[in-house]
C-alpha cells in the first residue's frame, strides 16, 4: 500500500497523518490511528475515491501513484494488449488482432474532414448533424479525433472528442443542432471538461485503447474536471454500462422510422478515479500504450 | 411466424394482413385474427391449453369494444404468455402512447413498440428483428449488482460515505445562497453508488435514520472545518419515514443547537403514505419551532403535494428536475413549472428549480419569477475538497460579469 510511503515521505507519524486528514477533509472527521495502521498493513484499504482524496491533500494524483505500480500496470496491459489467440471477435471485416497505431489528430491534419465524416456516419447521432457543404472548417478547431490504424492505413477504431467548458458541454448535450454552428457559437470559456461524442474499436482491446487515448489526455490536464460522454452507439453505451456507469440523461430522437436514444454520462475526476476500469485506462500513457500493443500478450 | 392481429375493425385487420403477406418473402407467416381483446385472450388461452401454435407476435389496437388493448396487456402480464412480443397500434395522441409504453414496460412485457395508425408494417417488422437482437445481448449488462438488499447494511457506513455539494443560486443576483448535500457510497474499485439506488434499499432495511445521521455528521463537519461555508445554507435530505423516529428528530435538534451558526435546512423527500400522519406533522412542527426550516423536495412528482402545502409551513419548495431540464422545448413541462412558481409566489414560499442545465432554461425561469436555481448549468455536485476553490472561482467570475454589465 502506497500510504506508508506517502506518510514517510512527508515525515509524518501515523498520529500526525491521522490529525492532518481529520483537519483537512470532512471525509475523515472520525478517523483514528487504528484505521490508518490497518490501511498501511493492507488489512483494509480505503476506496479509490478516498485514496484520491488522501493523495491530493499531499499534492499528488492517484494516476501518478498507480502508474508507478508494476502490478497495476500489468492489469492495465491486459486491457489493451493484443491477444495471442485469434479468437477475439472483431466487427471489422479485415481486422483481427493485428498491430495498430493510435494517433490524435485535429483540423490541421489532411485526413481530418474525411475521418470526421466517417465518424458522423458511424455514430448516426441526429443531434449532431454536420451540414454540407463545408466551405470552411472554422469552428471545428477544438474538435479532436483519435484514430487507430492497422496495415494499409485501415481505420480500425476512432474517438471523437473536444475540450470545452462544462457549461458548453451541457448546451451541446441538450440542444439539437448543427455541430459546426454549435461549436463555433459557443462562448470561449476556459475548458474545464471533455466531451466524447463517439468512441469505437474493432475489438474489445481496441475499444479500450481508444478510450485510454482520450481518458489519459483528460487525466493529464488537471484543469479538466468533468468527462462527459454523449453517444448513441449501442455497443459503446453497453460498454459504459458494464463499467457500472449510468446515464444522467437519455434523449430519444426520431430518425426516419427509427428512434435513436442519445445517452449522456457525466463523471467528475473523482468519479473517474474511483472506477478501477477507468483508472486503469487513465494510467495508460501513449508510451505505455505503444509498448503494450507491440509486445503481444503472453497470457 | 404466427401473428395475431387484434382490432375491432375488419378492414384494418385485412389491410395489416395484406401488408404482412406482401412482405412475407419466405411464405412462413401464419396470420390469426381477433375482433377484440376478449376474443384475443380466449384464443391465446386456447392455444396455450391445447398446445397449438405459439404466437410470435401480437399486434393489438388500444381502443376496442369487446375488451380493449389494456385487457390484452393485463392478460399477457399475468400469464405465461408474458414473453410474446407485443406491438400496440392506436390513433391516440403521443402522450397517451407514452403512458401506454410506460405501463407495458412496467409489466416487463416483451414489448416491441407503440405505433400510430395507419401502421407501417415494414417498420414494425424491422423493429421486431432489432428487438430480438437486443434481447439476446441483454443479460450481460447489469448482471453484477453493486448494491442490493443483502449487502446494504454492510455498505452503509462512514468509511463508504462520500458527500458532494451542489450549489443553489439566487437567480436575480447570481449569488450563491447555499448547497444541497448529495450522498454517494463508494465501493472498492467500482465507483460510486447514487442515492436513487441505495436510498430505497436503506429504507427497506430500516437504515434510513442511520444514513441521515451519517450524512448530517459528515456535512456539518465540512461546514465546521471551513468556516467560510457558514455564509451559505446547508441542505440535508431526509425522507418522510425519518420523521417517524423521535430519537432522530431529537438528534437533529441537538446537533443544530451545537452548531447553531450553521444555516441548516432539511429537504423532505416525498413519500406517499407517511407524511400526513399526526406523528410526522408533530415532528415537522418540532423542527420548525427549533429554527430548522423545511424544504419540500421533488415538488410535482407525487400526487398529494397540495395537501401537504396546506398543512405544513414549508420555507421552500423544489421543482423536480424532470420538469425543469427541458422546459424550453417541452410546453407541457413549462406550464407545470409556471404554475408551481406562481403558486409558490402566492404562498410566499421560496421556490427552487432543480435540473437547470442550459442558459435558455435559466432565462425562462428568470422570466417566470423563480427565486433559486440548481443544476449542472452552475455546477454538478462538487467534492468537499474542491468546494472552497469552486466558491472562489464562482464569485470571481460573478464580479467580472457584473463589471462587464
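The values are calculated or read from the model by the stated rules, or taken from the named source; none is laboratory data. Source: prediction; values computed, not measured. Cβ sites come from the backbone with ideal geometry, for glycine too, and all protein chains shown count toward neighbours.
Restrict the check to region A:32-40 and report whether at least one residue is surrounded by 20 or more Cβ atoms within 10 Å (Cβ to Cβ) and either over 30 Å from residue B:213 (Cα atoms) or assigned by TED's automatic domain parsing to the domain that holds residue A:220 (or both). Looking through region A:32-40, none of the residues is surrounded by 20 or more Cβ atoms within 10 Å (Cβ to Cβ) and either over 30 Å from residue B:213 (Cα atoms) or assigned by TED's automatic domain parsing to the domain that holds residue A:220 (or both).
Return the residue satisfying two criteria in turn: it lies in region B:338-354 and is at pLDDT 95 or above and either crowded, with 21+ Cβ neighbours inside 10 Å or within 11 Å of chain A (Cβ to nearest Cβ) (or both), and of such residues it is farthest from residue A:228 (Cα to Cα). Only one residue tops the list, namely B:351. Could you list, in sequence order, all residues of region A:239-271 that are at the interface with another protein chain (Cβ under 9 Å from one of its Cβ atoms), surrounded by 16 or more Cβ atoms within 10 Å (Cβ to Cβ), free of Cβ contacts under 8 Å to residues at least 40 places away in the same chain and within 26 Å of residue B:126 (Cβ to Cβ)? Answer for region A:239-271, where residues must be at the interface with another protein chain (Cβ under 9 Å from one of its Cβ atoms), surrounded by 16 or more Cβ atoms within 10 Å (Cβ to Cβ), free of Cβ contacts under 8 Å to residues at least 40 places away in the same chain and within 26 Å of residue B:126 (Cβ to Cβ): just A:241.
When residue A:287 is tested against (1) within 11 Å of another protein chain (Cβ to nearest Cβ); (2) free of Cβ contacts under 8 Å to residues at least 24 places away in the same chain, only condition (1) is not met. Region A:1-75 holds helices (runs of 4 or more DSSP H) entirely within its bounds, and those carrying 3 or more residues that are away from chain B (no Cβ under 14 Å) map to A:2-9, A:14-24, A:33-41, A:62-67. Taking every residue in region B:251-277 that is modelled with pLDDT under 90 and pairing it with any residue that is part of a helix (DSSP H, G or I) and surrounded by fewer than 16 Cβ atoms within 10 Å (Cβ to Cβ), at least 6 positions away or on another chain, the pairs with Cβ-Cβ distances below 9 Å are B:275/B:281; B:275/B:307; B:275/B:311; B:276/B:307; B:276/B:311. The residues of region B:46-104 that are modelled with pLDDT of 85 or more, assigned to a loop (DSSP other than H, G, I, E, B) and surrounded by 14 or more Cβ atoms within 10 Å (Cβ to Cβ), listed by number, are B:55, B:56, B:62, B:64, B:67, B:68, B:84, B:85.
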